[in-house]
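A quick write-up on the structure given underneath.
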Amino acid sequence: MKRLRLTVQLLFTIITNGYVYGFANGKIYRGSLKYACVPGLKCYSCPGAVASCPIGALQALLNQRGFQIPFAALGFFFLFGSLLGRFVCGWLCPFGLLQDLLHKIPIFHKKKRLPYHHILKYGKYAVLVLLVCVGSMFLFGGFAKVPAFCKYLCPSGTLFGAIPLLSTNEALRGQAGGLFLWKLGILIAVVLLSMKIYRPFCQYLCPLGAIYGWFNRFSLVQIQWEKELCISCMACEKACPVDLSLQEISRSPECIRCGKCVDACPQKCLHFYGIWTKSTKS
């Protein structure tokens, strides 16, 4: 499972960043594929991006004149949420992959959570409401509305979008100012924290994870617990990178369906079902 997951993460990152010409020349792909979104967090302005970010698309729809319900974005979230839930976070998000790799660096003593996790975990919902929704419509842009999350917070956009573009475009480098330094500071903080805490951005700040988390209880892809086979060794809980209990695995909004609990179970009483397997429950 571990190798399969890493392979899927790498392939998805490569495929969704397949516009190699953009990296070489500092140009953003603007073809017809950009009208589609990838399920994970992926900056529209990344030179290699062949599709758009769903959070960016949601903000763009909310930025339109007059209040309009963003049915296209809501339908997209419902589709991938009801099919996969936070499986998207664990398997299909390039910025999630980056945090996974950073956490493997043997520098700091590793921890699964920050202190006061029970409070801080609601930060991603605050970001979703205040920056993605309310901020994009009213607060920061005034009459000239802006995608507030992308502009003021998103570290994925800084890493995959701003830095590659600035490195190849001298004119843009001359325009980089305090806002870029602010976002660069956020990126550095997330990178450093990821070496100690497992996926801090995903756990505490990602609005996309907040949305997909709402679907975890009833999404098609689940991790099933065969209770009658369980010997209560708690190997699954020890393996869980976000420190969930056995009862919370798969159903909790914090579960990213990484599959580490499945690999750790000596009785094989935890397994995926949904798309490629069927539930064994009668």
* Asked: Peptides 205-215, 44-54: what's the order by average Cβ count within 10 Å, highest mean first?
  -> 205-215, 44-54
* Asked: If you find the alpha carbon centre of segment 78-150 and of segment 9-74, how far apart are they in angstrom?
  -> 16 Å
* Asked: Dipole size in debye (nearest 20) for the chain around its Cα centre, Lys and Arg Cβ +1, Asp and Glu Cβ -1?
  -> 140 debye
* **Positive-end extreme of charge dipole, the chain - chosen from 125, 149, 96 (charges on Cβ)** => 96
* Using only alpha carbon pairs under 8 Å that are at least six residues apart, calculate the relative contact order of segment 164-254 and give it in whole percent. => 26 percent
* Over 23 Å between alpha carbons, listed pairs 124/183; 151/196; 124/227; 34/151; 2/111 -> 151/196; 124/227
* To do: Would you mind telling me which residue in 96, 259, 174 has the biggest mean-square fluctuation in a Gaussian network model of the chain, where springs connect alpha carbons within a distance under 10 angstrom?
  => 174
* **Computed magnitude of the charge dipole of segment 83-173 (debye, nearest 20; Cβ of K, R +1, Cβ of D, E -1)** => 420 debye
* Structure fact -> Of segment 15-36, those with amide N under 18 Å from the point 7 Å along the Cα→Cβ vector of residue 170 are 24-27
* Contact order normalised by residue count of the chain, Cα under 8 Å, 6+ apart, percent -> 23 percent
* How many nm is it between the label spots at residue 114 and residue 1, if each spot is 7 Å from the Cα in line with the beta carbon? -> 2.8 nm
* Structure fact -> Counting only backbone N atoms under 20 Å from a point 7 Å out along Cα-to-Cβ of residue 267, the residues of segment 220-238 in range are 223-238
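Computed from the coordinates by the stated procedures, all read-outs in this text should not be read as laboratory data. Since this is a predicted model, take the numbers as computed values, not measurements. Note: ideal-geometry Cβ built from the backbone for every residue, glycine included; neighbour counts use all protein chains shown.
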